[in-house]
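Student: Pasting in a structure now, in structure tokens, and then I'll have a few things to ask.
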Amino acid sequence: MSGELILETRALTKEFKGFVAVDNVDLKVRRGTIHALIGPNGAGKTTCFNLLTKFLIPTSGRILFEGADITPEHPAAIARRGVIRSFQISAVFPHLSVLENVRVALQRKLGTSFHFWRPERSLHKLDARAIDLLRAVDLEAYARIPAVGLSYGRKRALEIATTLAMEPKLMLLDEPTQGMGLEDVDRIRQLIKKVAASRTVLMVEHNMSVVASIADTITVLQRGATLAEGPYEEVSKNPAVVEAYMGSADVEQEGAHG
């Protein structure tokens with residue numbers, strides 16, 4: 001595990017008219033690891049993601065990426081630094097082909113993202129790279145079909161491919177296995193582990209079997225504050241985490257299923 005921090009928050013706080021959604025969170029994400037944010041509903045996980053990508057402005061605190069203070073920066077500038085996010089709801093262009101979805105993400109590097117008058121053949125130079133990305137997420141066989149024809153799990157895999165097209169240094173995945181059956185969950189679990197081999201992943205995830213099997217470090221949030229942090233084996237035995245996250249159930253048992 002790398003010792004170098006790629007992302008750090010210092011006393012990150014967000015208030016909404018007196019309600020503290022994120023409360024003095026000190027997050028430390030190490031380069032080359034999979035870091036999971038977990039916690040019960042309303043714990044502040046997605047709000048924390050929105051702060052990191054500046055979809056929300058922090059009330060106070062600082063965000064550092066690769067040692068630089070990015071707290072004042074706009075979402076586009078943060079994306080250009082290599083902090084790329086996926087969302088809870090699948091976001092693909094349904095009537096474009098799977099290949100074309102990835103090609104749209106690759107257009108940014110050509111500087112023609114908004115040049116809609118350019119002929120389509122000008123984009124064919126991106127096809128080889130798009131196919132490489134589809135191969136990485138096991139979607140090469142689906143390259144020519146409309147994205148609307150993919151299963152839900154494969155749509156999420158396509159999202160990961162488009163995220164990879166943006167050449168992220170840090171991938172933020174928001175509930176990547178939400179709403180999936182067991183087969184799709186296992187596919188996405190393996191895919192996240194595969195793509196994390198050469199980059200850093202910060203993920204919000206409810207599925208404890210996924211978290212237990214792939215996360216290097218887990219941060220547990222409760223009511224917007226950090227309740228515990230560490231490897232799964234340590235966090236799952238923390239009595240405060242068991243009570244907050246699982247009620248009377250055993251977090252370790254939950255992680256062993258699936």
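The values are calculated or read from the model by the stated rules, or taken from the named source; none is laboratory data. Just so we're clear, the structure is a prediction, and the values are computed from it rather than from any experiment. Protein only, heavy atoms only, side chains kept; ligands, DNA and RNA dropped before computing areas. Shrake-Rupley method; radii C 1.70, N 1.55, O 1.52, S 1.80 Å.
Student: Using the heavy atoms of the protein chains and a 1.4 angstrom probe, tell me the accessible area per residue for the chain in square angstrom.
Tutor: On the way: 12200 Å² over 258 residues.
Ligands and nucleic acids excluded, the figure is 47 Å² per residue.
Student: Going by accessible area, probe 1.4 Å, with all protein chains left in place, what is the ranking of 154, 223, largest first?
Tutor: Values: 154 60, 223 180 Å².
Of 154, 223, the descending order of accessible area is 223, 154.
Student: What translational D, rounded to a whole number of µm²/s, comes out for the chain from Stokes-Einstein when the hydrodynamic radius is the Kirkwood one over Cα pairs, at 25 °C and 0.890 mPa s? All intermediate terms of the calculation are to be shown ahead of the outcome.
Tutor: Working: Rh = 19.1 Å.
Translational diffusion coefficient: 129 µm²/s.
Student: Cross-link list 125/193; 28/169; 54/155; 155/194; 14/237; 14/45: which exceed 21 angstrom alpha carbon to alpha carbon? Mind dumping the intermediate values first?
Tutor: Values: 125/193 29 Å; 28/169 15 Å; 54/155 25 Å; 155/194 17 Å; 14/237 29 Å; 14/45 12 Å.
Among 125/193; 28/169; 54/155; 155/194; 14/237; 14/45, the Cα-Cα distance tops 21 Å for 125/193; 54/155; 14/237.
Student: Could I ask something else about it? How large is the accessible surface of residue 208 in square angstrom, using a 1.4 angstrom probe and rounding to the nearest 10?
Tutor: For residue 208, the solvent-accessible surface is approximately 0 Å².
Student: Mind telling me which of 63, 78, 38 comes out most flexible in a GNM of the chain, alpha-carbon contacts under 10 Å?
Tutor: Largest GNM mean-square fluctuation: 78.
Student: For segment 1-96, what number results from the quotient of the Cα radius of gyration and 2.2 N^0.38 Å?
Tutor: Numbers: Rg = 14.2 Å, N = 96, 2.2 N^0.38 = 12.5 Å.
In units of the globular-protein estimate, segment 1-96 measures up at 1.14.
Student: Now for a different question. Cα-Cα pairs above 22 Å in segment 137-248: how many percent?
Tutor: Roughly 39 percent, rounded to a whole number.
Student: Here is a follow-up. Give me, ordered by chain and number, the residues 5 or more places off residue 227 or on other chains with an amide H under 5 Å from its own placed amide H.
Tutor: Those qualifying (amide H under 5 Å, at least 5 residues apart or on another chain) are 220, 221, 222.
Student: If you take all C-alpha pairs in segment 51-90, what percent of them are over 16 Å apart? Numbers along the way, then the final one.
Tutor: Working: 246 of 780 pairs.
When every Cα pair of segment 51-90 is considered, 32 percent fall beyond 16 Å.
Student: Quick one: which residues, 5 or more positions from residue 85 or on another chain, have an amide H under 5 Å from its amide H? H modelled 1.01 Å from N in the peptide plane, none for Pro or chain starts.
Tutor: 172
Student: Keeping all protein chains in the complex and leaving out DNA, RNA and ligands, what accessible area do you get for residue 25 with a 1.4 Å probe, in Å² to the nearest 10?
Tutor: 0
Student: Leaving out ligands, DNA and RNA, and with a 1.4 Å probe, what % of the accessible surface on the chain is carbon or sulfur? Numbers along the way, then the final one.
Tutor: Values: 6520 of 12200 Å².
Accessible surface attributable to carbon and sulfur in the chain totals 53 percent.
Student: Next question, about the same structure. May I ask you to rank 209, 151 by accessible area, largest first, using a 1.4 Å probe over the protein chains only? Let's see the in-between values first.
Tutor: Numbers: 209 15, 151 45 Å².
Ranking 209, 151 by accessible area, largest first, yields 151, 209.
Student: Hey, if we sort 227, 202 by accessible area with the 1.4 Å probe, largest down, what's the order? Before the final figure, lay out each step's value.
Tutor: Numbers: 227 55, 202 0 Å².
The ordering from most to least exposed comes out as 227, 202.
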